[in-house]
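What follows is a short report on a single structure.
The values are calculated or read from the model by the stated rules, or taken from the named source; none is laboratory data. Small disclaimer: the values here were computed from a predicted structure and weren't measured. Note that each Cβ is placed from the backbone with ideal geometry, even for glycine, and that neighbours are counted across all protein chains shown. For accessibility, only protein heavy atoms count, side chains too; no ligands or nucleic acids. Shrake-Rupley method; radii C 1.70, N 1.55, O 1.52, S 1.80 Å.
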Amino acid sequence: MTTSRSIRRGWHNGTTVRSVKLGRFILTETTYPGDLRTPWHAHSGAAICSVLSGSYVERFGRREIECDPSTVLFLPIAAEHASRTGGRRATPLTC
C-alpha cells in the first residue's frame, strides 16, 4: 500500500454536488460514478461520511468496509485508504 497523494480538506475524488462551510466544518455532497476505483490517498483533515444513495467499499490496508445508505464512517486525519464503487453511482455526504 502506497499513498499516491495527500488530499486537502474539503476535496474529494468524485463530482461535488454541493458544498457548504459551517464554521470549521465543510459539509460536502459528492457523487461517484459506478465502477470507480480511487487511488490510495489520505485527507489532511478528519472526516465523517454518511451514504445518501448507492454503495461503495472503503479499504484501509487489508480491511474493507461496505458502505451503504445505513453506514456512517469516521476517517481519522491522514488515514490511508482507497474507495471502490459498485455498478451504480454512490452519493455520500461528508463532513
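Numbers at a glance
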{"item": "Criterion: small (Gly, Ala, Ser) and within 16 Å of ALA90 (Cα to Cα) - qualifying residue of SER55, SER19, SER44", "result": "SER55"}
{"item": "Residue that is nearest to LEU36 (Cα to Cα), among those in region 67-95 that are polar (S, T, N, Q) and part of a strand (DSSP E or B)", "result": "THR85"}
{"item": "Residues within region 22-41 that are farther than 11 Å from CYS95 by Cβ, in a strand (DSSP E or B) and of a type in the set (S, T, N, Q), tallied", "result": "2"}
{"item": "Region 68-91 - residue that is touching a residue at least 40 places away in the same chain (Cβ under 8 Å) and more than 12 Å from the chain's Cα centre (by Cα) and, of those, most open to solvent (accessible area, probe 1.4 Å)", "result": "ARG88"}
{"item": "Residue match in region 44-57 (condition: outside any loop (DSSP other than H, G, I, E, B) and among the aromatic types (Phe, Trp, Tyr))", "result": "yes"}
{"item": "Region 51-67 - residue that is surrounded by 12 or more Cβ atoms within 10 Å (Cβ to Cβ) and of a type in the set (Gly, Ala, Ser) and, of those, farthest from THR85 (Cα to Cα)", "result": "SER53"}
